[in-house]
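K.L.:
Mind having a look at this structure? Questions to follow.
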């Protein structure tokens with residue numbers, strides 16, 4: 001029985017060990033799984049982690065705090081004060097000579113004690129203040145300005161992500177095209193080498209095929225390095241570790257934007273573009289700032305109330321102190337009748353600032369119009385290149401097939417075959433570049449019309 005129990009214990013322990021090893025293997029395999037990054041995922045990560053987005057978000061929070069600060073001026077202001085004075089020399093009260101006090105000379109009587117205590121509670125409430133009223137409007141406008149700034153930064157980051165992501169997809173296509181070209185020249189070299197061994201090809205053909213392989217390999221290495229750099233650029237933009245194992249997948253294809261949509265986007269750009277919205281809000285703020293500066297022409301009315309208590313004593317027996325209590329309420333009106341022409345000067349400065357922003361907005365609108373036109377021209381150019389390269393690829397495939405057949409039958413030359421192979425790789429490269437140019441131009445167009453977050 002003891003031996004059987006011992007065997008059960010041993011087998012049970014071994015089973016647990018194997019289970020633990022299996023679980024560790026599964027966990028390790030899961031850890032080694034590559035992270036698949038699509039365009040939507042890349043944009044989502046950038047909007048959460050990109051430093052520019054985080055900074056713009058802090059500006060929005062600051063705008064909210066400024067609104068609260070502006071509102072504070074309309075609420076009652078309550079302050080509490082306390083004061084202790086040690087009189088090194090006690091103040092005196094002078095009495096002039098005369099029959100009123102029965103003295104013939106001026107007399108000085110000490111007033112108070114060495115220790116003086118005073119406390120007070122004061123409340124102030126604005127009844128009318130032109131500056132406070134406008135300040136709240138400016139704070140609300142600043143909140144709109146910061147929201148537009150956040151949206152502008154958001155769309156700018158999305159544009160950068162799209163360009164970086166499309167750049168990686170382009171490099172992937174170029175790597176595939178050049179590797180395919182390398183495989184073709186290697187296959188050609190192996191074929192020539194076999195023919196040469198059987199005396200069916202000249203040494204010149206063998207050397208030329210070998211040189212072609214040697215010339216193609218560095219190009220493939222260079223394109224592969226560019227792919228790594230493009231992927232690292234995208235990772236940096238997303239604030240993810242450069243050593244993270246990421247698989248970048250996306251649709252690298254041409255989808256034409258309808259002309260009607262292009263026309264509608266151009267019409268909506270002046271109201272949807274976040275940069276123009278920022279300038280519009282800034283213009284509103286500066287217009288409101290004129291009213292702030294004009295507040296120097298208006299009076300301010302405040303109500304106040306105070307409650308004070310004070311005492312003087314040298315005994316430090318606070319419970320026995322005699323406290324005097326003072327309470328008052330009132331209204332104050334202040335009106336700056338003449339300030340040396342300071343208010344008119346500041347009002348004129350505010351008007352100049354407003355005009356500058358108005359001119360800046362007009363200039364920006366012209367710039368946006370040019371950006372939209374430029375993006376549409378680039379899209380149209382890329383579309384024509386895509387259509388042309390599609391035909392070139394089909395023709396290049398046929399040319400390679402014909403050249404291979406001619407060479408095998410001894411009719412064509414190796415030069416013809418190599419030229420068709422190079423033309424095939426070039427056609428694929430140009431096609432991929434044209435698609436990239438179209439996608440980037442489309443992203444720039446969406447950003448210019450204020451739809452960069454699509």
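K.L.:
Restricting attention to region 335-344, does a residue exist that is within 30 Å of residue 276 (Cβ to Cβ) and either exposed (fewer than 14 other Cβ atoms within 10 Å of the Cβ) or at pLDDT below 85 (or both)?
P.N.:
No, because not a single residue in region 335-344 is within 30 Å of residue 276 (Cβ to Cβ) and either exposed (fewer than 14 other Cβ atoms within 10 Å of the Cβ) or at pLDDT below 85 (or both).
K.L.:
Can you tell which of 177, 209, 214, 201 is outside any helix (DSSP H, G or I), farther than 25 Å from residue 41 by Cα and assigned by TED's automatic domain parsing to the domain that holds residue 161? Walk me through how you get there before you give the answer.
P.N.:
Numbers: 177 fails: outside any helix (DSSP H, G or I); 209 fails: outside any helix (DSSP H, G or I); 214 fails: outside any helix (DSSP H, G or I).
Of 177, 209, 214, 201, the one residue that is outside any helix (DSSP H, G or I), farther than 25 Å from residue 41 by Cα and assigned by TED's automatic domain parsing to the domain that holds residue 161 is 201.
K.L.:
Please specify each residue of region 45-56 satisfying the condition of being within 8 Å of the chain's Cα centre (by Cα) and assigned to a helix (DSSP H, G or I). First the steps, then the outcome.
P.N.:
Let us first name the residues in region 45-56 that are within 8 Å of the chain's Cα centre (by Cα), namely 47, 50-56.
Hits for region 45-56 are 47, 51, 52, 53, 54, 55, 56.
K.L.:
Now for a different question. When you look at residue 83, is it under 60 Å from the mean Cα position of the chain (by Cα) and not assigned by TED's automatic domain parsing to the domain that holds residue 305, yes or no?
P.N.:
Taking the combined requirement at face value, the residue does not satisfy it.
K.L.:
Would you be able to say whether some residue in region 217-226 is free of Cβ contacts under 8 Å to residues at least 60 places away in the same chain, more than 25 Å from residue 422 (Cα to Cα), in a helix (DSSP H, G or I) and assigned by TED's automatic domain parsing to the domain that holds residue 374?
P.N.:
no
K.L.:
Can we say residue 58 is assigned by TED's automatic domain parsing to the domain that holds residue 159 and more than 30 Å from residue 295 (Cα to Cα)?
P.N.:
yes
K.L.:
For region 408-454, how many residues are crowded, with 17+ Cβ neighbours inside 10 Å and outside any helix (DSSP H, G or I)?
P.N.:
3
K.L.:
Name, by its number, the condition in (1) modelled with pLDDT of 75 or more; (2) surrounded by 11 or more Cβ atoms within 10 Å (Cβ to Cβ) that does not hold for residue 80.
P.N.:
Result: residue 80 fails condition (2) only.
K.L.:
For residue 200, all conditions in the list (1) touching a strand residue (DSSP E or B) at 6+ places or on another chain (Cβ under 6 Å); (2) modelled with pLDDT under 85 hold save one; what is the number of the exception?
P.N.:
That leaves (1) as the condition not met.
The values are calculated or read from the model by the stated rules, or taken from the named source; none is laboratory data. Fair warning: this is a prediction, and the values are worked out from it, not measured in the lab. Glycine also receives a Cβ, built like all others from the backbone with ideal geometry; neighbour counts cover every protein chain displayed.
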